[in-house]
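The values are calculated or read from the model by the stated rules, or taken from the named source; none is laboratory data. Remember, it's a predicted structure, so these values are computed and weren't measured experimentally. Virtual Cβ from ideal backbone geometry, glycine too; neighbours counted across all protein chains shown.
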Amino acid sequence: MSDDIQKIGVIGAGQMGSGIAHVCAASGYDVYLIDQTDEAVSKGLEKLIRNMDRDVARGRIEEDVRNRALKRIATGSSYDGFKDCDLVIEAASEDEDVKKAIFKTLCDNVNEGTLIATNTSSISITRLAAQTDRPGQVCGMHFMNPVPRMELVELIRGIATEEDTYKRVRQVTEKLGKKAVNAEDFPAFIVNRILLPMINEAVYTLYEGVGSVKAIDTAMKLGTNHPMGPLELADFIGLDTCLAVMHVLHEGLADTKYRPCPLLVKYVEAGWLGRKSDRGFYDYSGDEPVPTR
(Lines give C-alpha, C1' and ligand atoms only; values in the text may rest on other atoms or scores of the structure.)
Protein backbone atom coordinates (compact mmCIF):
# COMPACT_ATOMS: atom_id res chain seq x y z
CA MET A 1 0.00 0.00 0.00
CA SER A 2 1.16 3.53 -0.63
CA ASP A 3 2.99 4.96 2.40
CA ASP A 4 1.20 8.29 2.51
CA ILE A 5 -2.46 7.26 2.20
CA GLN A 6 -3.55 5.09 5.12
CA LYS A 7 -7.05 6.33 5.96
CA ILE A 8 -9.83 7.18 3.52
CA GLY A 9 -12.97 9.15 4.31
CA VAL A 10 -16.18 8.55 2.36
CA ILE A 11 -19.03 11.08 2.28
CA GLY A 12 -22.36 9.44 1.46
CA ALA A 13 -23.43 5.95 2.57
CA GLY A 14 -25.78 5.25 -0.34
CA GLN A 15 -25.27 2.70 -3.08
CA MET A 16 -22.02 4.23 -4.31
CA GLY A 17 -20.57 5.41 -0.99
CA SER A 18 -21.13 2.10 0.80
CA GLY A 19 -19.56 0.29 -2.17
CA ILE A 20 -16.51 2.58 -2.10
CA ALA A 21 -16.13 2.05 1.66
CA HIS A 22 -16.41 -1.72 1.05
CA VAL A 23 -13.56 -1.88 -1.48
CA CYS A 24 -11.34 0.51 0.50
CA ALA A 25 -11.67 -1.51 3.71
CA ALA A 26 -11.24 -4.82 1.87
CA SER A 27 -8.01 -3.45 0.35
CA GLY A 28 -6.52 -2.65 3.75
CA TYR A 29 -7.38 1.03 4.20
CA ASP A 30 -8.93 2.41 7.38
CA VAL A 31 -12.27 4.01 6.47
CA TYR A 32 -14.47 6.71 7.98
CA LEU A 33 -17.96 6.65 6.40
CA ILE A 34 -20.56 9.37 7.01
CA ASP A 35 -23.98 10.46 5.83
CA GLN A 36 -26.42 13.17 6.92
CA THR A 37 -28.22 10.96 9.43
CA ASP A 38 -27.36 7.97 11.62
CA GLU A 39 -30.20 6.08 9.92
CA ALA A 40 -28.65 6.59 6.46
CA VAL A 41 -25.26 5.44 7.75
CA SER A 42 -26.82 2.35 9.35
CA LYS A 43 -28.58 1.42 6.10
CA GLY A 44 -25.35 1.87 4.16
CA LEU A 45 -23.39 -0.25 6.63
CA GLU A 46 -26.06 -2.98 6.56
CA LYS A 47 -25.83 -3.09 2.76
CA LEU A 48 -22.04 -3.24 2.91
CA ILE A 49 -22.14 -6.14 5.40
CA ARG A 50 -24.69 -8.03 3.26
CA ASN A 51 -22.45 -7.63 0.21
CA MET A 52 -19.38 -8.83 2.10
CA ASP A 53 -21.34 -11.81 3.48
CA ARG A 54 -22.38 -12.66 -0.09
CA ASP A 55 -18.73 -12.50 -1.17
CA VAL A 56 -17.82 -14.96 1.60
CA ALA A 57 -20.71 -17.30 0.68
CA ARG A 58 -19.63 -17.30 -2.96
CA GLY A 59 -15.98 -17.91 -2.15
CA ARG A 60 -14.77 -14.54 -3.39
CA ILE A 61 -13.14 -13.65 -0.06
CA GLU A 62 -12.23 -15.53 3.12
CA GLU A 63 -14.26 -14.94 6.28
CA ASP A 64 -11.24 -13.57 8.19
CA VAL A 65 -10.65 -11.03 5.38
CA ARG A 66 -14.27 -9.89 5.78
CA ASN A 67 -13.88 -9.62 9.56
CA ARG A 68 -10.68 -7.58 9.31
CA ALA A 69 -12.24 -5.29 6.70
CA LEU A 70 -15.28 -4.57 8.87
CA LYS A 71 -13.04 -3.69 11.83
CA ARG A 72 -11.36 -1.03 9.68
CA ILE A 73 -14.64 0.86 9.13
CA ALA A 74 -15.74 3.63 11.49
CA THR A 75 -19.01 5.49 10.85
CA GLY A 76 -20.65 8.72 11.95
CA SER A 77 -22.48 11.84 10.81
CA SER A 78 -19.81 14.40 11.82
CA TYR A 79 -17.05 15.84 9.64
CA ASP A 80 -14.69 15.77 12.66
CA GLY A 81 -13.63 12.23 11.80
CA PHE A 82 -11.98 13.42 8.57
CA LYS A 83 -9.18 15.23 10.44
CA ASP A 84 -6.83 12.23 10.19
CA CYS A 85 -7.89 11.11 6.71
CA ASP A 86 -5.30 11.29 3.92
CA LEU A 87 -7.94 11.13 1.18
CA VAL A 88 -11.67 11.93 1.31
CA ILE A 89 -13.98 10.65 -1.44
CA GLU A 90 -17.29 12.51 -1.86
CA ALA A 91 -20.09 10.21 -3.03
CA ALA A 92 -23.22 12.29 -2.39
CA SER A 93 -26.15 12.66 -4.80
CA GLU A 94 -25.48 13.97 -8.32
CA ASP A 95 -26.37 17.55 -7.49
CA GLU A 96 -23.79 20.30 -8.02
CA ASP A 97 -25.06 22.56 -5.23
CA VAL A 98 -25.00 19.68 -2.74
CA LYS A 99 -21.45 18.74 -3.71
CA LYS A 100 -20.21 22.34 -3.54
CA ALA A 101 -21.66 22.77 -0.05
CA ILE A 102 -20.01 19.51 1.07
CA PHE A 103 -16.63 20.62 -0.27
CA LYS A 104 -16.81 23.96 1.55
CA THR A 105 -17.61 22.25 4.86
CA LEU A 106 -15.04 19.53 4.30
CA CYS A 107 -12.15 21.97 3.81
CA ASP A 108 -12.67 23.30 7.35
CA ASN A 109 -12.34 19.77 8.74
CA VAL A 110 -9.30 18.24 7.04
CA ASN A 111 -5.55 18.67 7.23
CA GLU A 112 -3.65 20.83 4.78
CA GLY A 113 -2.27 17.84 2.87
CA THR A 114 -5.52 15.88 2.57
CA LEU A 115 -6.54 14.98 -0.99
CA ILE A 116 -10.17 15.30 -2.06
CA ALA A 117 -11.80 13.12 -4.70
CA THR A 118 -15.33 13.27 -6.06
CA ASN A 119 -17.31 10.34 -7.40
CA THR A 120 -19.38 12.64 -9.63
CA SER A 121 -20.50 10.90 -12.81
CA SER A 122 -20.93 14.06 -14.88
CA ILE A 123 -20.17 17.39 -13.13
CA SER A 124 -17.10 19.53 -13.90
CA ILE A 125 -14.19 18.69 -11.61
CA THR A 126 -12.79 22.16 -12.26
CA ARG A 127 -15.97 23.87 -10.96
CA LEU A 128 -16.17 21.65 -7.88
CA ALA A 129 -12.46 22.08 -7.10
CA ALA A 130 -12.84 25.87 -7.33
CA GLN A 131 -15.11 25.70 -4.25
CA THR A 132 -12.24 24.37 -2.14
CA ASP A 133 -9.12 25.91 -0.61
CA ARG A 134 -6.99 23.32 -2.47
CA PRO A 135 -8.02 22.93 -6.14
CA GLY A 136 -4.64 21.34 -6.92
CA GLN A 137 -5.47 18.50 -4.51
CA VAL A 138 -8.88 17.66 -6.02
CA CYS A 139 -9.42 14.88 -8.57
CA GLY A 140 -12.39 13.09 -10.11
CA MET A 141 -12.63 9.41 -9.13
CA HIS A 142 -15.73 8.03 -10.84
CA PHE A 143 -16.47 4.46 -9.71
CA MET A 144 -18.96 2.26 -11.59
CA ASN A 145 -22.00 0.66 -9.99
CA PRO A 146 -21.94 -1.83 -8.24
CA VAL A 147 -18.54 -0.73 -6.95
CA PRO A 148 -17.31 -4.09 -5.56
CA ARG A 149 -17.98 -5.87 -8.87
CA MET A 150 -17.09 -3.28 -11.53
CA GLU A 151 -13.42 -2.98 -12.49
CA LEU A 152 -13.37 0.52 -13.96
CA VAL A 153 -12.66 3.87 -12.29
CA GLU A 154 -12.58 6.99 -14.46
CA LEU A 155 -9.94 9.44 -13.20
CA ILE A 156 -10.49 13.06 -14.17
CA ARG A 157 -8.15 15.99 -13.64
CA GLY A 158 -9.63 19.43 -13.18
CA ILE A 159 -7.74 22.28 -14.81
CA ALA A 160 -5.90 22.91 -11.51
CA THR A 161 -5.30 19.26 -10.46
CA GLU A 162 -1.62 18.75 -9.70
CA GLU A 163 0.24 15.81 -11.22
CA ASP A 164 1.20 14.49 -7.78
CA THR A 165 -2.49 14.41 -6.77
CA TYR A 166 -3.41 12.50 -9.90
CA LYS A 167 -0.58 9.97 -9.41
CA ARG A 168 -1.47 9.32 -5.78
CA VAL A 169 -5.19 8.88 -6.54
CA ARG A 170 -4.28 6.55 -9.42
CA GLN A 171 -2.08 4.52 -7.06
CA VAL A 172 -4.99 4.15 -4.61
CA THR A 173 -7.26 3.09 -7.49
CA GLU A 174 -4.84 0.35 -8.47
CA LYS A 175 -4.48 -0.81 -4.84
CA LEU A 176 -8.28 -1.24 -4.82
CA GLY A 177 -7.86 -3.73 -7.67
CA LYS A 178 -9.50 -1.38 -10.17
CA LYS A 179 -8.49 -0.38 -13.69
CA ALA A 180 -7.96 3.38 -14.00
CA VAL A 181 -8.86 5.14 -17.25
CA ASN A 182 -8.02 8.81 -17.76
CA ALA A 183 -10.95 10.99 -18.89
CA GLU A 184 -10.83 14.69 -19.67
CA ASP A 185 -12.98 17.16 -17.74
CA PHE A 186 -15.90 17.47 -20.16
CA PRO A 187 -19.56 16.85 -19.26
CA ALA A 188 -20.21 13.22 -18.22
CA PHE A 189 -16.64 12.13 -19.05
CA ILE A 190 -16.43 8.89 -21.12
CA VAL A 191 -18.84 6.22 -19.86
CA ASN A 192 -21.88 8.41 -19.18
CA ARG A 193 -21.24 10.58 -22.27
CA ILE A 194 -21.93 7.39 -24.28
CA LEU A 195 -24.23 5.40 -21.98
CA LEU A 196 -26.79 7.99 -20.84
CA PRO A 197 -27.77 9.23 -24.33
CA MET A 198 -28.37 5.56 -25.21
CA ILE A 199 -30.65 5.18 -22.18
CA ASN A 200 -32.37 8.48 -23.00
CA GLU A 201 -32.94 7.25 -26.57
CA ALA A 202 -34.46 4.04 -25.19
CA VAL A 203 -36.89 6.18 -23.15
CA TYR A 204 -37.74 8.16 -26.32
CA THR A 205 -38.35 4.82 -28.08
CA LEU A 206 -40.84 3.94 -25.34
CA TYR A 207 -42.33 7.47 -25.31
CA GLU A 208 -42.96 7.39 -29.04
CA GLY A 209 -44.56 3.94 -28.88
CA VAL A 210 -41.94 2.16 -31.00
CA GLY A 211 -41.82 -0.66 -28.45
CA SER A 212 -42.94 -1.62 -24.95
CA VAL A 213 -40.59 -1.72 -21.96
CA LYS A 214 -40.19 -5.47 -22.35
CA ALA A 215 -39.72 -5.30 -26.14
CA ILE A 216 -37.03 -2.59 -25.88
CA ASP A 217 -35.07 -4.37 -23.15
CA THR A 218 -35.35 -7.79 -24.81
CA ALA A 219 -34.31 -6.35 -28.17
CA MET A 220 -31.19 -4.71 -26.73
CA LYS A 221 -30.22 -7.72 -24.62
CA LEU A 222 -30.53 -10.19 -27.47
CA GLY A 223 -29.68 -7.84 -30.35
CA THR A 224 -26.54 -6.28 -28.86
CA ASN A 225 -25.64 -8.89 -26.20
CA HIS A 226 -26.01 -6.39 -23.34
CA PRO A 227 -26.42 -8.07 -19.92
CA MET A 228 -29.25 -5.66 -19.00
CA GLY A 229 -31.71 -3.79 -21.18
CA PRO A 230 -31.40 0.03 -21.16
CA LEU A 231 -34.64 0.63 -19.22
CA GLU A 232 -33.76 -2.03 -16.64
CA LEU A 233 -30.32 -0.41 -16.37
CA ALA A 234 -31.89 3.05 -15.95
CA ASP A 235 -33.94 1.71 -13.02
CA PHE A 236 -30.77 0.23 -11.52
CA ILE A 237 -28.84 3.51 -11.84
CA GLY A 238 -31.79 5.61 -10.60
CA LEU A 239 -33.93 7.70 -12.95
CA ASP A 240 -33.12 10.86 -10.99
CA THR A 241 -29.41 10.25 -11.60
CA CYS A 242 -30.05 9.54 -15.30
CA LEU A 243 -31.98 12.80 -15.60
CA ALA A 244 -29.29 14.76 -13.73
CA VAL A 245 -26.60 13.50 -16.12
CA MET A 246 -28.75 14.34 -19.18
CA HIS A 247 -29.23 17.88 -17.82
CA VAL A 248 -25.45 18.25 -17.40
CA LEU A 249 -24.89 17.04 -20.98
CA HIS A 250 -27.66 19.23 -22.42
CA GLU A 251 -26.56 22.37 -20.58
CA GLY A 252 -22.82 21.75 -20.85
CA LEU A 253 -22.68 20.88 -24.55
CA ALA A 254 -25.68 22.95 -25.78
CA ASP A 255 -26.74 20.26 -28.24
CA THR A 256 -30.40 19.23 -28.67
CA LYS A 257 -29.41 15.57 -29.08
CA TYR A 258 -28.91 15.54 -25.29
CA ARG A 259 -32.42 16.86 -24.49
CA PRO A 260 -33.89 14.68 -21.71
CA CYS A 261 -36.92 12.72 -22.84
CA PRO A 262 -40.15 14.22 -21.40
CA LEU A 263 -41.17 10.75 -20.19
CA LEU A 264 -37.99 10.47 -18.13
CA VAL A 265 -38.79 13.88 -16.60
CA LYS A 266 -42.36 12.73 -15.78
CA TYR A 267 -41.18 9.56 -14.05
CA VAL A 268 -38.78 11.55 -11.87
CA GLU A 269 -41.51 14.12 -11.09
CA ALA A 270 -43.77 11.23 -10.02
CA GLY A 271 -41.06 9.90 -7.69
CA TRP A 272 -40.71 6.78 -9.84
CA LEU A 273 -36.93 6.59 -9.56
CA GLY A 274 -36.38 2.90 -10.27
CA ARG A 275 -35.28 0.15 -7.91
CA LYS A 276 -34.63 2.46 -4.97
CA SER A 277 -38.28 3.62 -4.93
CA ASP A 278 -39.69 0.20 -5.97
CA ARG A 279 -41.07 1.70 -9.18
CA GLY A 280 -39.63 3.03 -12.41
CA PHE A 281 -39.91 1.44 -15.83
CA TYR A 282 -40.61 -1.71 -13.80
CA ASP A 283 -42.64 -2.25 -10.62
CA TYR A 284 -40.43 -3.99 -8.04
CA SER A 285 -43.02 -4.46 -5.27
CA GLY A 286 -43.67 -8.15 -6.09
CA ASP A 287 -41.44 -11.19 -6.44
CA GLU A 288 -40.65 -10.39 -10.08
CA PRO A 289 -40.23 -6.96 -11.73
CA VAL A 290 -43.30 -6.07 -13.86
CA PRO A 291 -43.10 -3.46 -16.69
CA THR A 292 -45.08 -0.31 -15.89
CA ARG A 293 -45.80 0.45 -19.57
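Table for the structure above
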{"read-out": "Identity of the residue in segment 174-211, touching a residue at least 24 places away in the same chain (Cβ under 8 Å) and among the hydroxyl-bearing types (Ser, Thr, Tyr), that ends up nearest to residue 94 (Cα to Cα)", "value": "204"}
{"read-out": "From 256, 224, residue being surrounded by fewer than 17 Cβ atoms within 10 Å (Cβ to Cβ), at pLDDT 95 or above, among the β-branched types (Val, Ile, Thr) and within 30 Å of residue 60 (Cα to Cα)", "value": "224"}
{"read-out": "Output for segment 90-131, where each listed residue is in a loop (DSSP other than H, G, I, E, B), crowded, with 17+ Cβ neighbours inside 10 Å and of a type in the set (A, V, I, L, M, F, W, C)", "value": "91, 92, 110, 123"}
{"read-out": "Entirely in segment 200-293, the helices (runs of 4 or more DSSP H) that have 1 or more residues that are farther than 29 Å from residue 124 by Cα", "value": "213-224"}
{"read-out": "From the options 125, 237, residue that is at pLDDT below 95 and touching a strand residue (DSSP E or B) at 6+ places or on another chain (Cβ under 9 Å)", "value": "237"}
{"read-out": "Residues satisfying the stated conditions in segment 58-77, i.e. of a type in the set (Gly, Ala, Ser) and either modelled with pLDDT of 95 or more or under 21 Å from residue 113 (Cβ atoms) (or both)", "value": "69, 74"}
{"read-out": "Count of segment 150-196 residues which are surrounded by 16 or more Cβ atoms within 10 Å (Cβ to Cβ) and either in a loop (DSSP other than H, G, I, E, B) or more than 18 Å from the chain's Cα centre (by Cα) (or both)", "value": "15"}
{"read-out": "Given (1) surrounded by fewer than 16 Cβ atoms within 10 Å (Cβ to Cβ); (2) at pLDDT 95 or above; (3) closer than 20 Å to residue 13 by Cα, index of the condition residue 146 fails", "value": "(2)"}
{"read-out": "Matching residues, segment 1-24, being under 16 Å from residue 85 (Cα atoms) and surrounded by fewer than 24 Cβ atoms within 10 Å (Cβ to Cβ)", "value": "1, 2, 3, 4, 5, 6, 7"}
{"read-out": "Residue count for segment 29-84, restricted to those that are under 18 Å from residue 6 (Cβ atoms), touching a residue at least 40 places away in the same chain (Cβ under 8 Å) and assigned to a helix (DSSP H, G or I)", "value": "4"}
